[in-house]
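To start, the structure under review is shown below, and the notes come after it.
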Amino acid sequence: MPNNNNKIYDKNKIVIGIVIFLIISLFPIWYNHFKNVPAPDPLLTEKAKIAKECVLPKVLMKTEHMQLLNSWRDSVVRDGKRLYTNSQGKVFDMSLSNGCLDCHSNKKDFCDRCHNYASVRPYCFDCHIDNPKEKK
Amino acid sequence: MLELAIKGSKKYYAWIVVLLVVITMGFATYLLQLSFGLGITGLSRDVSWGFYIAQFTFLVGVAASAVMVVLPYYLHHYKAFGRITILGEFLAVPSVIMCLLFIIVDMGQPMRALNVILHPTPNSVMFWDMIVLNGYLLLNIVIGWKVLEGERNGVAPPSWVKFLIYVSIPWAVSIHTVTAFLYSGLPGRGFWLTAILAPRFLSSAFAAGPSFLILLALLIRKVTNFDPGKEQIQSLAKIVTYGIIINVFFFLCEVFVVFYSQIPEHMDHFKYLFFGLKGHGILVPWMWTSFILMIVAIILLVNPVTRKNEFVLAVACIAVFIGTWIDKGLGLISGGFIPSPLHHVNEYIPTGQELTITIGIYAIGFLLITVLYKIVVSVKEEVRA
Amino acid sequence: MEESRRSFLKIAGIAAFGLSAIPAIDIFASESSKKAPAPAPDFSLTENSKALSAKRWGMVIDTRKFKSEKDLEHIMSVCHSIHNVPNMTNKRHEIKWIWSEEYPHAFVGDENEYLSEKLAHTPIIVLCNHCQNPPCVRACPTQATFKRQSDGIVMMDMHRCIGCRFCIAACPYGARSFNFRDPRPFISKTNLEYPTRMKGVVEKCTFCVERLAIGKIPACVEASNGAIIFGDLENPDSEIRKLLKNNFTIRRKQHLGTGPSVYYIV
């Protein structure tokens, strides 16, 4: 219905409503802002320390390992290519359980630390069981 | 116009509360299915689709049948249907939404549903089904809304709506055709491997949908001040009559081909459904009930005396609706999977949890119909007043 | 393929620009990789040099060499244990990659009223036929199941499967199983070097792609004592082609035009 009256009715109630909505919807942001949790420090195994460098430089692994794993997965499952040669000429078996977790055989202190901190729960490990050689 | 949906009588609200309770139960059961997996259903390795997919198929038909009120009005200028095209369109919307929900609850990994769009695969009929169903939903929402808005404000709907209406007519046919193609293109499933599956789907849809619309129209007349009209109901009744006769005819064609040729791969499914196979025949009484209901309905509908009696007409419509529902909602899917391609007979019985989820989705559908029809009726009452 | 290349390029691009540019680059990555000349990828993806390859893998199953059900059971259990195929207690939820069927069920439509003594008593081993013209691949709405162009193997990408089970309806051989529930509690001894599956996805035989990739023949072939022969159907000099030349073979439901790659000598 056409209404030429530009006045907003119940202005106060609307403003209060919006404020309450913003407070509730932004809860995760302000809640975590005051809760200062130090960033975790993932633990390297001896094997990883000796190897020094992973598939890609550390900084990249930190931010991009999920994309890397994603494309590895497609390469292995869909294209049948299972070996990855990096810029240093080092060859890796593109396998989460048999490759990555062979070196990082301490999933709890390596993978989980950051994942828990970032509150991400990748379900990769449901099927790709932790390192087969790891002793429990 | 949405505000019209929240201004209702106590009875209206009571009905909505009842539906919400049923929906909540269905949703809770779905959460259980989500955490446990589809193992809570009666599905099996041999019968891997069941009640959900069957309801989906049946409801695609109900959705497509909106074309049966739209087409006479817009293509043949049959003015009487002007009053009720909106009822057809707003029956299609909840039906398609139910269809989509049934597909989602049938998925093993529903969170990956968008993979269908991320990895578009034109050789899969499922891909096309996704496109035509969503397109049809959108068409009917826009058309229904614009036409009703026009009626409320006493102006003709914008001209582009007319274009969409013309598009929606073949589109309605396409949704049920593509849905039939899901089944009829599969090698090794003799029950579905027939060119007449799509025509059969359409004929049963054009019987089931309008018969449901007649029942809704009679109900609306009873509980509101809006009368969809005697002539309109009678015209719909004729459509139902043709639909159900053609449906039974197509079915008998199928029966002839299958039983005269005697090819086991095709015949055994019919044997299972109507006579039982290797000592299994849980659906036999259902299938005969369905067939008898359709025959009774034809007798009642063909005779003008009984058809013009609205009480008898209502009975006939119920018979058509239940008859076609059993045919598609129970027989079609089980019948296709039993016997299995390796000729084993493993029967399928839906579980209580499966039924609860199904009823929950139907309740969502009824809630949407209620709300949409409430808006329609309010507008119609408003315009008349 | 297309996609993995792009994401690899993205990573390579980021590496070239250095850390400081990450947030900015990340946003424009897909843009820039189209416009700017793509930097030569500093990585490569290859197959293992030991990998077995063929134009089209196929199998001949010599049913004459199976003496009893026991021979078959051994083969099936080897396959199922290395691939972490669960042993479901509920028959409805059964998962199987390779199993045995009575002749009239394995060869529906070709059953004779009077079967030879041997065929009447020894079941036939059945598995995915890795069809030349697979109906399951045609049906899949996400390409989660696909035919490898390189060697004709019909593969399953469990990461992509949405669990719609259209492929199960499409397969005329009943070769596919669905995970109706979490399969892990039903795996008696998990092979840690092979993944398990999650609920809600479809699985089936893969002709042991993971073994072919490291130069091993499929596990069932290895366990069959020469009763199952595996090889390249397109290579006229292969052992499998010689067998096909010298023996009368049949395939399951040939008339459907699926082109099964598994042949049977009966």
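The values are calculated or read from the model by the stated rules, or taken from the named source; none is laboratory data. Keep in mind the model is a prediction, meaning the values are calculated, not measured. As a convention, Cβ positions derive from the backbone with ideal geometry for all residues, glycine included, and neighbour counts pool all protein chains shown.
For region C:113-156, a residue qualifies if it is closer than 30 Å to C:LYS67 by Cβ, among the hydroxyl-bearing types (Ser, Thr, Tyr) and within 12 Å of chain B (Cβ to nearest Cβ), but none of them does.
For the condition within 14 Å of chain C (Cβ to nearest Cβ), in contact with a helix residue (DSSP H, G or I) (Cβ under 6 Å, 6 or more places away or on another chain) and surrounded by 16 or more Cβ atoms within 10 Å (Cβ to Cβ), B:GLN55 does not qualify. Going by the structure shown, is C:PHE207 modelled with pLDDT of 95 or more and within 14 Å of chain B (Cβ to nearest Cβ)? In short, no.
Conditions (1) touching a Phe, Trp or Tyr at 6+ places or on another chain (Cβ under 8 Å); (2) polar (S, T, N, Q); (3) at negative phi, marked per residue:
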{"position": "B:THR194", "(1), (2), (3)": "no, yes, yes"}
{"position": "B:ALA217", "(1), (2), (3)": "no, no, yes"}
{"position": "B:ASN225", "(1), (2), (3)": "no, yes, yes"}
{"position": "B:VAL258", "(1), (2), (3)": "yes, no, yes"}
{"position": "B:GLU265", "(1), (2), (3)": "no, no, yes"}
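Filtering region B:97-137 to residues that are in contact (Cβ under 8 Å) with a residue 24 or more places away in the chain and part of a loop (DSSP other than H, G, I, E, B) leaves only B:GLY108. Can you tell me which residue among C:ILE228, C:ILE217, C:ILE240, C:ILE265 is surrounded by 14 or more Cβ atoms within 10 Å (Cβ to Cβ) and in contact with a helix residue (DSSP H, G or I) (Cβ under 6 Å, 6 or more places away or on another chain)? Result of the check over C:ILE228, C:ILE217, C:ILE240, C:ILE265: C:ILE228. Among the residues of region B:346-365, those identified as away from chain C (no Cβ under 14 Å) and surrounded by fewer than 18 Cβ atoms within 10 Å (Cβ to Cβ) are B:GLY352, B:LEU355, B:ILE359. Counted as qualifying within region B:4-93 are the helices (runs of 4 or more DSSP H) with 1 or more residues that are of a type in the set (Phe, Trp, Tyr), out of contact with any His (no Cβ under 6 Å at 6 or more places or on another chain) and within 30 Å of C:GLY174 (Cβ to Cβ), namely B:10-36, B:51-64. In this entry, B:MET267 passes the filter for residues that are of a type outside the set (S, T, N, Q) and within 14 Å of chain C (Cβ to nearest Cβ).
Would you mind finding the one in B:PHE191, B:PHE201, B:PHE181 that is of a type in the set (Phe, Trp, Tyr), within 14 Å of chain C (Cβ to nearest Cβ), in contact with a Gly (Cβ under 7 Å, 6 or more places away or on another chain) and in contact (Cβ under 8 Å) with a residue 24 or more places away in the chain? First the steps, then the outcome.
Working: B:PHE201 fails: within 14 Å of chain C (Cβ to nearest Cβ); B:PHE181 fails: in contact with a Gly (Cβ under 7 Å, 6 or more places away or on another chain).
Selected residue: B:PHE191, the only one of B:PHE191, B:PHE201, B:PHE181 that is of a type in the set (Phe, Trp, Tyr), within 14 Å of chain C (Cβ to nearest Cβ), in contact with a Gly (Cβ under 7 Å, 6 or more places away or on another chain) and in contact (Cβ under 8 Å) with a residue 24 or more places away in the chain.
Limited to region C:157-178, what total is found for residues that are within 27 Å of A:ASP79 (Cβ to Cβ), within 7 Å of another protein chain (Cβ to nearest Cβ) and not aliphatic (A, V, I, L, M)?
Our first condition is that a residue be within 27 Å of A:ASP79 (Cβ to Cβ); within region C:157-178, this holds for C:157-168, C:170-171, C:173, C:175-178.
With within 7 Å of another protein chain (Cβ to nearest Cβ) added as a condition, the list becomes C:157, C:159-166, C:168, C:170, C:173, C:177-178.
If we keep only those that are not aliphatic (A, V, I, L, M) as well, we get C:157, C:159-161, C:163-166, C:173, C:177-178.
Residues meeting the conditions: 11.
Which of the following residues is within 24 Å of C:PHE248 (Cβ to Cβ), more than 13 Å from every other protein chain (Cβ to nearest Cβ) and surrounded by fewer than 19 Cβ atoms within 10 Å (Cβ to Cβ): C:LYS70, C:LYS65?
C:LYS65
Looking only at residues of region C:179-199 that are facing chain A (nearest Cβ under 10 Å) and among the hydrophobic types (A, V, I, L, M, F, W, C), we find that the one that is surrounded by the most Cβ atoms within 10 Å (Cβ to Cβ) is C:MET198.
With respect to B:TRP192, is the statement that it is at pLDDT below 95 and farther than 27 Å from B:LEU313 by Cβ true? No, not satisfied. Summed over region B:87-133, the residues that are more than 13 Å from chain C (Cβ to nearest Cβ) and among the basic types (Lys, Arg) give a count of 0.
Within region C:186-221, which residues are under 18 Å from C:ASP232 (Cα atoms), part of a loop (DSSP other than H, G, I, E, B) and of a type in the set (A, V, I, L, M, F, W, C)? Listed by number, the residues that qualify are C:CYS205, C:PHE207, C:CYS208, C:ALA213, C:ILE214, C:ILE217.
Can we say B:SER174 is in a helix (DSSP H, G or I), more than 14 Å from chain C (Cβ to nearest Cβ), surrounded by 22 or more Cβ atoms within 10 Å (Cβ to Cβ) and not β-branched (Val, Ile, Thr)? Criteria not met by B:SER174. Within the option set B:VAL320, B:VAL377, being of a type outside the set (D, E, K, R) and surrounded by fewer than 22 Cβ atoms within 10 Å (Cβ to Cβ) holds for one residue only, B:VAL377. Looking only at residues in region C:48-62 that are within 14 Å of chain A (Cβ to nearest Cβ) and in contact with a helix residue (DSSP H, G or I) (Cβ under 9 Å, 6 or more places away or on another chain), the one that is nearest to C:ALA106 (Cα to Cα) is C:TRP57. Going through (1) part of a helix (DSSP H, G or I); (2) surrounded by 17 or more Cβ atoms within 10 Å (Cβ to Cβ) one by one, B:PHE226 falls short only on (1).
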